[in-house]
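The values are calculated or read from the model by the stated rules, or taken from the named source; none is laboratory data. No experiment lies behind these values; they were computed from the predicted model shown. Here the Cβ is made from the backbone with ideal geometry for all residues, glycine too, and neighbour counts use every protein chain on show.
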Amino acid sequence: MASPANLILNGGRAALVAAVVVMAATPWLFSATHVVLLTEFMSMLVLAIMWNLLAGYADIVTVGQHAYVGVGAYAFFGFAALWGVNPYLSILLAGIVAFAIAVPTMLLVFRLRTAYLAIGTWVVAELLMLAAGKLSAWGGGSGTSVPISIILYFGRARDVRLATIYWLAFGLAASAMSVTYFLLRSRIGIGLTAMRDNEEGAAAIGVNITFARILCFLGTAPFLGMAGAIITLQKLRVAPPASFSITDWTVLIIFNVVIGGIGSFEGPIIGTIVYFVLRQYLADLGAWHLIILGTVSIAVILIEKRGLWGLVRRLLGDDLIPIAHKPSAMLTKQHTG
Amino acid sequence: MLAVWINELLQGVLLGGLYTLFAMGLSLSAGVMRFVNIAHGDFIVLACYALLLLTTALGLNPVIATLIVLPIAFLFGFVLQRFLLQRVVGENVLLVILVTFALSIIIENGLLEGFGADPEKISGGWMETATVALGDGINFGVFQGITFVAAVVLVAVLDLLLYRTGIGAKIRAVSDDVAAADLIGLSSVRIYAIAMGISFVTIAIAAGFVSIWTNFDPAAGPTRLLIAFEVIVLGGLGSLWGSLAGGIVLGIAQAIGGQFDIAWQIMAGHIVFLVVLALRPQGLFPKY
Amino acid sequence: MSTTAASPLLAIEGVSVFYGNFRAIDHVDITVGAGEIVSIIGANGAGKSTLLKAIIGQAERVEGDISFAGDSIVGRRTEAIVHSGIMLVPEGRRLFASLTVEENLRLGWQVGRKAEIGFDDIWRQFPMLKDKRRQKAGLLSGGQQQMVALGRALLANPRLLLCDEISLGLAPLVVNELYALVPDIKRRGIGVLIVEQDIERSLAVADRFYCLLEGRVTLAGRPGDVTRDLVMQHYFGL
């Protein structure tokens, strides 16, 4: 088993373990600037993992996931700043509120088929953003700043505060990854993968696909909501267009996952890393950076649907993180006849 | 008081005409190719900018400018479908959603780079300022009236095209069963491209009216898409006359919401849409 | 074979058809002459439908040569193949359910050669369809749908007609009615390639037959020259 591909694969897995250790120790290892950047990275990673779970496995293409990020931000502000709830508890509650919003949304948009469902989620997101602008205690249409007392609650010294917020983001990303990992290795995950690759396959495994899709849709909401709360701690403001930003919490996330590799566990991770590396160069380009990412995404879909990870996997022949119990032919036409 | 409400209702109905124009192309592409073109609204805005160039740079009359854009739009839609969307269509609906979504972002930001974020508008001259007074404070703009008539005519023309012509039968055949069409030598690839071309002609027509009706800016696409989408779902998927009804329902809801403020105007439309979706998911006038 | 003219209407020579890496048809040689009825007999999965798809230009990958009226048609688009005079009656009829009977038939006319067979001939052949011409095709009975499918194919004015399992799922009386039309089609000089699981039925009308087993021709000849047992052996591969 000492083929070059296997060596690379094992090397990759070792590097992954090392990366997790380094990430856990980030606040002790890196400067404040980098801690801030990595906090943002962790939040984006959570959003990418969640979008990939829905689009890549549960066959739910949502273009409205910014709704839950915004709801989480507004709920966090409400609990912590308006009603004096413990800020840590408020993050958790933000996740619960996002879940509570996801339930009626699911009941509505699941009446629509795939492509229509995508836009249905967008309509809901628009409505929630407009409604958020009507909340005068949250500053109405222009939004408001998070009170300084709440920020100081996470640490009086700047270093401590940045480290605390980072660990919150890291913890959320780590749990998002673990939950997704175990979900995808469970019967439900196997059923979803089977459905995605071949519709008859899922029925054979005996997994209730509708239930699995609902579980995924509802399951992502609390993660998105909590990410929204943590993002608010970084941005220090809530405002409808920023907290419910379709560009930041949906468009970029979709591009990242597509480029990294949709429908694979590694895809969102790779895509988010690539984005953060490229961002330094793209940031000065203004609107061009979205044009470039959009064009690259289309190119990826036309050339290698499974993105960068698909390219790597073609060379290695196995996953870095073994999710699939057998190599799957995702997104490819199945010939049954 | 009654007159005020009647007036609002009238404005809502006329607005519904504009919304029906937004929806025609989407209804066609969604009905035939079974996918929703997420960049639909952005293509309307793109056509608005094309009209802006023709009317300002060349000083053309907006009606003539629109007539010039129509064949270009057909060709554009044909080529887009034939050489880009066709490559992902039918394989997995996810890919089409992603490609059109990416297109939407590319167009929006491309327009932003090219024209800046300032709102633009095309002058409709006398058509815009003339109003028809029905007495008792009830009146409507001539241009709004023309738009509504245009919407009704467009629905009728598309209905005739789909149900009374050879190409219409071919489009419906491909929509029924793509593989069977290919088996008997009816090239689905070409029919799809033609359908998309027609869809884009309606996009250009919608652009012609909306560019005079109200301001547009590079970010105006998604709003247009959501309205078009709500109109076709409200009306019942695949039903052209249903879309007219859907447009009017949405227009009236927005006109009533608009009594409060702009946010309520848009919210009222979304709320009506979601309520109808909850109570009657098949739409108001389902086709089948 | 004496019935086959010097240059047959359809000549399949050393043809293999693939699905991915799977060879569904393996080096097959088949000919059909003008006005000749040829049956392909084989069990489910023998590759019969695949062969028809290859002829009509809808197979993924074809090796070998298929020539029609002297011209090679491998790699041509289906549209062009249909226009040159080959039309398929697909398995399962595959009518366009939301279109009317007349619209379904007209599509056949539009994709085809536009020669002597017109609507009048179809109405004469299937008087019942004329009464139902404004009905949606999806609302017809299976037999009526098969008539529309056959009518659609005939309106394309084919020189070669490919029939894929036209008796499948239909009552015997209806099948009799459909097969009664075959001699008339033959009289017009149209070559007919029939793919059928019903051995008795297809041998009864055929001038010649081929047995297909796992993608290979295992037996060929005239129905009168072989015993039923021999055909059965090759059908099941015993």
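Summary of computed values
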| item | result |
| --- | --- |
| Condition check for B:Ile232: within 11 Å of another protein chain (Cβ to nearest Cβ) and farther than 16 Å from A:Val124 by Cα | yes |
| Selected residue [within 20 Å of the chain's Cα centre (by Cα), among the aliphatic types (A, V, I, L, M) and in the same structural domain as C:Phe68 (by TED's automatic domain parsing)] from C:Leu154, C:Leu178 | C:Leu178 |
| Subset of the range C:51-85 [buried (at least 22 other Cβ atoms within 10 Å of the Cβ), out of contact with any helix residue (DSSP H, G or I) (no Cβ under 9 Å at 6 or more places or on another chain) and farther than 22 Å from C:Asp207 by Cα] | C:Ala54 |
| Flag if C:Gly143 is within 17 Å of C:Val174 (Cβ to Cβ) and either at pLDDT below 95 or part of a strand (DSSP E or B) (or both) | yes |
| Any chance C:Ile117 is touching a residue at least 60 places away in the same chain (Cβ under 8 Å) and in the same structural domain as C:Ser141 (by TED's automatic domain parsing) | yes |
| Selection count where residues are within 13 Å of another protein chain (Cβ to nearest Cβ) and crowded, with 22+ Cβ neighbours inside 10 Å, scope the range A:272-297 | 4 |
| Criterion: in a helix (DSSP H, G or I), in contact (Cβ under 8 Å) with a residue 24 or more places away in the chain and among the hydrophobic types (A, V, I, L, M, F, W, C) - qualifying residue of B:Ala219, B:Ala179 | B:Ala219 |
| Members of the range A:118-127 that are buried (at least 23 other Cβ atoms within 10 Å of the Cβ) and not β-branched (Val, Ile, Thr) | A:Ala118, A:Gly120, A:Trp122, A:Ala125 |
| Single match in C:Leu99, C:Leu155, C:Leu107, C:Leu88 (criterion: buried (at least 18 other Cβ atoms within 10 Å of the Cβ), more than 9 Å from chain B (Cβ to nearest Cβ) and either under 24 Å from C:Gly33 (Cα atoms) or in contact (Cβ under 8 Å) with a residue 24 or more places away in the chain (or both)) | C:Leu155 |
| Residues of the range C:199-228 satisfying the condition of being over 22 Å from C:Val182 (Cβ atoms) and either of a type in the set (Gly, Ala, Ser) or under 16 Å from the mean Cα position of the chain (by Cα) (or both) | C:Gly215 |
| Condition met for B:Gly257 (within 22 Å of B:Val157 (Cα to Cα) and crowded, with 19+ Cβ neighbours inside 10 Å) | no |
| Of all residues making up the range B:270-288, the number that are more than 9 Å from chain A (Cβ to nearest Cβ) and either crowded, with 19+ Cβ neighbours inside 10 Å or within 21 Å of B:Leu9 (Cβ to Cβ) (or both) | 6 |
| One residue from B:Leu67, B:Leu46, B:Leu112 being assigned to a helix (DSSP H, G or I), more than 15 Å from the chain's Cα centre (by Cα) and under 28 Å from B:Ile248 (Cα atoms) | B:Leu67 |
| Qualifying positions in the range A:265-290 - touching a residue at least 24 places away in the same chain (Cβ under 8 Å) and not in a helix (DSSP H, G or I) | A:Phe265 |
| Among (1) of a type in the set (S, T, N, Q); (2) surrounded by fewer than 19 Cβ atoms within 10 Å (Cβ to Cβ); (3) touching a Gly at 6+ places or on another chain (Cβ under 7 Å), the one test that C:Gln197 misses | (3) |
| Wholly enclosed strands (runs of 3 or more DSSP E) of the range C:1-96 bearing at least 3 residues within 29 Å of C:Ser141 (Cα to Cα) and either at pLDDT 95 or above or of a type outside the set (Ser, Thr, Tyr) (or both) | C:37-41, C:86-89 |
| Residues that are within 14 Å of chain A (Cβ to nearest Cβ) and out of contact with any Gly (no Cβ under 8 Å at 6 or more places or on another chain), drawn from the range C:16-33 | C:Phe18, C:Gly20, C:Asn21, C:Phe22 |
| Hey, A:Leu172 buried (at least 19 other Cβ atoms within 10 Å of the Cβ) and either more than 14 Å from chain B (Cβ to nearest Cβ) or in contact with a His (Cβ under 9 Å, 6 or more places away or on another chain) (or both) or not | yes |
| Number of the condition not met by A:Phe154 [criteria: (1) more than 10 Å from chain B (Cβ to nearest Cβ); (2) surrounded by 21 or more Cβ atoms within 10 Å (Cβ to Cβ); (3) aromatic (Phe, Trp, Tyr)] | (2) |
| Subset of the range A:49-103 [surrounded by 23 or more Cβ atoms within 10 Å (Cβ to Cβ), assigned to a helix (DSSP H, G or I) and within 14 Å of another protein chain (Cβ to nearest Cβ)] | A:Trp51, A:Asn52, A:Leu53, A:Ala55, A:Gly56, A:Tyr57, A:His66, A:Ala67 |
| The range B:116-160 - residue that is of a type in the set (D, E, K, R) and surrounded by 11 or more Cβ atoms within 10 Å (Cβ to Cβ) and, of those, modelled with the lowest pLDDT | B:Asp136 |
| Candidate set from the range A:106-117 (those that are within 9 Å of chain B (Cβ to nearest Cβ) and touching a residue at least 24 places away in the same chain (Cβ under 8 Å)); member that is surrounded by the fewest Cβ atoms within 10 Å (Cβ to Cβ) | A:Thr114 |
| Those residues of the range B:186-220 which are of a type in the set (Gly, Ala, Ser) and either surrounded by fewer than 24 Cβ atoms within 10 Å (Cβ to Cβ) or within 18 Å of B:Val96 (Cα to Cα) (or both), in sequence order | B:Ser187, B:Ser188, B:Ala193, B:Ala195, B:Gly197, B:Ser199, B:Ala219, B:Ala220 |
| Residue that is surrounded by the fewest Cβ atoms within 10 Å (Cβ to Cβ) [pool: residues in the range B:12-45 that are among the aromatic types (Phe, Trp, Tyr) and farther than 18 Å from B:Leu80 by Cα] | B:Tyr19 |
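Residue-wise test of (1) more than 14 Å from chain A (Cβ to nearest Cβ); (2) in contact with a Pro (Cβ under 9 Å, 6 or more places away or on another chain); (3) under 27 Å from A:Phe255 (Cβ atoms); (4) of a type in the set (D, E, K, R).
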| position | (1), (2), (3), (4) |
| --- | --- |
| B:Phe43 | yes, no, yes, no |
| B:Leu46 | no, no, yes, no |
| B:Ala50 | yes, no, yes, no |
| B:Gly77 | yes, no, yes, no |
| B:Val93 | no, no, yes, no |
| B:Ser104 | no, yes, yes, no |
| B:Glu108 | no, yes, yes, yes |
| B:Ser123 | yes, yes, no, no |
| B:Gly137 | yes, no, no, no |
